[in-house]
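Beneath this line is the structure, given in structure tokens, with notes to follow.
The values are calculated or read from the model by the stated rules, or taken from the named source; none is laboratory data. These figures come from a predicted structure and were not determined experimentally. Here the Cβ is made from the backbone with ideal geometry for all residues, glycine too, and neighbour counts use every protein chain on show.
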Amino acid sequence: MKILVLNCGSSSLKYQLFEMDTEAVLAKGLVERIGLAGACVKHTKDNKSTVREEEIADHTKAIKIVLELLLDREVGALKSLDELSAVGHRIVHGGENYSKSVKVTDAVIKEIESCVPLAPLHNPANLMGIHAMTNTLPGVTNVAAFDTAFHQTMPPKAYIYGIPYEYYENDKVRRYSFHGMSHAFVSARAAEILGKPASSLKIITCHLGNGSSITAVDGGKSVDSSLGMGTTPGILMGTRCGDIDASVVLHLVTKHGDAAKVSDILHKKSGLIGVSGVSSDLRDVEEAAKKGNERAKLASDMLCTSVKKHIASYAAVMGGADAIVFTAGIGENSDSVRAAVTKGLEFMGVKLDEGKNAGLRGKEAVISADDSKVKVMVVPTNEELMIARDAKRIAEGK
Ligand code: AMP
């Protein structure tokens with residue numbers, strides 16, 4: 001069974017074609033600058049890449065090119081489009097309507113549209129992908145997989161904000177949190193590695209990348225998570241601010257300009273880049289910190305402290321933790337962040353094995369000492385595979 005996974009942004013489209021019997025990636029690629037000058041497609045099969053530059057007016061044209069490449073004799077991986085059992089679409093916001101992936105129908109499209117005010121940049125782009133696919137291949141099963149779905153098990157005490165309740169009832173203002181595919185994937189994998197059912201475990205998953213979130217996963221279910229109605233709260237991120245006081249937002253709007261300008265500051269100019277003034281990429285920030293740049297050191301310390309605070313508070317929420325899992329670009333690759341985050345958590349039974357942690361990059365491993373009460377793990381995330389698995393299950397009618 002072959003499944004195509006699409007992740008559509010407003011001017012980009014990422015794709016991966018999976019063979020589900022082996023869960024191998026047959027081909028993948030990225031279309032950039034859709035609707036803009038200089039559009040191009042980078043397609044990769046067997047580690048060999050092909051780049052095609054041509055005018056790509058919209059997502060429908062982008063999908064046509066992707067399907068052509070997938071059918072190509074040399075660089076493709078399909079003999080016929082009939083081999084495609086389903087297409088899985090990453091959808092950022094499913095609001096309160098979806099706690100799992102679903103087959104796309106007209107009603108589902110309407111629901112995704114109704115969540116556009118909650119994700120104005122992402123949901124319209126995700127919908128473009130669905131429309132482009134249904135225009136191009138009307139017969140294929142499309143599956144919507146939501147970044148918010150995994151977190152729909154959070155109890156009200158985790159998702160209601162301390163503002164008048166009517167804003168939840170009337171405007172759906174609440175915590176949703178994101179990166180659900182990643183938290184679901186790594187928590188399930190961590191349980192497999194530990195050889196215990198997910199239902200018996202309390203796991204804290206730390207998705208630390210350019211965007212970051214931490215989730216408390218109790219018995220396989222998300223019970224709290226650090227992103228919110230939007231994508232700025234929680235951990236200090238590459239360009240996003242992490243937790244701040246509402247007064248800061250009000251002060252910035254009053255003193256420095258309109259809401260759009262402040263939104264730009266909080267989403268694109270804050271976090272590592274805002275504090276360090278060096279870069280939004282942790283590698284650059286760590287390099288500068290090593291050379292004595294005080295603000296770079298501050299930004300890196302703030303990142304690690306915000307992760308540590310969330311881990312301890314989520315352990316408190318769950319009444320303990322069996323495992324802490326690090327994933328995504330920073331979590332999988334930065335031994336220094338993992339060491340700094342876990343240092344000081346010995347009081348709750350966390351004991352890192354410095355030797356196992358040092359130099360470990362992008363590989364699954366348990367990096368805590370054998371006698372650590374709380375296991376510390378690195379589990380590379382695979383959101384696309386999670387979407388493909390859901391699409392397979394739905395295509396099989398399960
Ligand atoms: P992601 O959004 O998951 O792709 O993660 C991207 C971030 O991972 C980058 O901005 C880097 O800061 C970080 N990253 C990747 N590799 C390393 C590394 N070897 N050491 C530290 N940070 C890294």
Condition first: in a loop (DSSP other than H, G, I, E, B) and modelled with pLDDT of 95 or more. Can you find one or more residues in the stretch 247-268 that meet it? no
Go over the candidates Val41, Val51, Val5 one by one and state the one that is in contact with a Lys or Arg (Cβ under 8 Å, 6 or more places away or on another chain), part of a strand (DSSP E or B) and surrounded by fewer than 17 Cβ atoms within 10 Å (Cβ to Cβ). Val51
Surrounded by fewer than 17 Cβ atoms within 10 Å (Cβ to Cβ), among the small types (Gly, Ala, Ser) and either within 16 Å of the ligand (Cβ to nearest atom) or not in a helix (DSSP H, G or I) (or both), is that true of Gly329? no
Looking only at the stretch 75-91, filter to residues that are crowded, with 20+ Cβ neighbours inside 10 Å and β-branched (Val, Ile, Thr); which one of those is nearest to Asp21 (Cα to Cα)? Val87
Checked the stretch 105-115 for anything within 24 Å of His183 (Cβ to Cβ) and either surrounded by fewer than 21 Cβ atoms within 10 Å (Cβ to Cβ) or in contact with a Ser or Thr (Cβ under 7 Å, 6 or more places away or on another chain) (or both); matches are Val108, Glu111
Take the stretch 93-141 and flag every residue that is in contact (Cβ under 8 Å) with a residue 60 or more places away in the chain and in a loop (DSSP other than H, G, I, E, B). His93, Gly95, Glu96, Lys100, Ser101, Leu121, His122, Leu137, Thr141
Have a look at Ala125, Ala119 and point out the one that is buried (at least 22 other Cβ atoms within 10 Å of the Cβ), among the aliphatic types (A, V, I, L, M), at pLDDT below 95 and within 18 Å of the chain's Cα centre (by Cα). Ala119
What about Ala296, is it closer than 17 Å to Val379 by Cβ, out of contact with any Cys (no Cβ under 9 Å at 6 or more places or on another chain), more than 12 Å from the ligand (Cβ to nearest atom) and not acidic (Asp, Glu)? no
Which residues, taken from the stretch 65-74, are exposed (fewer than 15 other Cβ atoms within 10 Å of the Cβ) and within 27 Å of Ala145 (Cβ to Cβ)? Glu68
Name the single residue that is farthest from Ile193 (Cα to Cα) among those in the stretch 358-378 being surrounded by 16 or more Cβ atoms within 10 Å (Cβ to Cβ) and within 13 Å of the ligand (Cβ to nearest atom). Leu360
Being within 20 Å of the chain's Cα centre (by Cα) and within 16 Å of the ligand (Cβ to nearest atom), is that true of even one residue in the stretch 146-161? yes
Evaluate the following for Ser279: is it within 16 Å of the ligand (Cβ to nearest atom), more than 18 Å from Met377 (Cβ to Cβ), small (Gly, Ala, Ser) and without any contact (Cβ under 8 Å) to a residue 12 or more places away in the chain? yes
Taking the condition of being part of a helix (DSSP H, G or I) and in contact (Cβ under 8 Å) with a residue 24 or more places away in the chain, how many residues in the stretch 342-378 meet it? 2
A careful count of residues in the stretch 164-173 that are surrounded by fewer than 11 Cβ atoms within 10 Å (Cβ to Cβ), closer than 20 Å to Cys115 by Cβ and of a type outside the set (Asp, Glu) gives 1
Looking at Ala328, Ala339, which one is more than 19 Å from Gly242 (Cβ to Cβ) and of a type outside the set (Lys, Arg)? Ala339
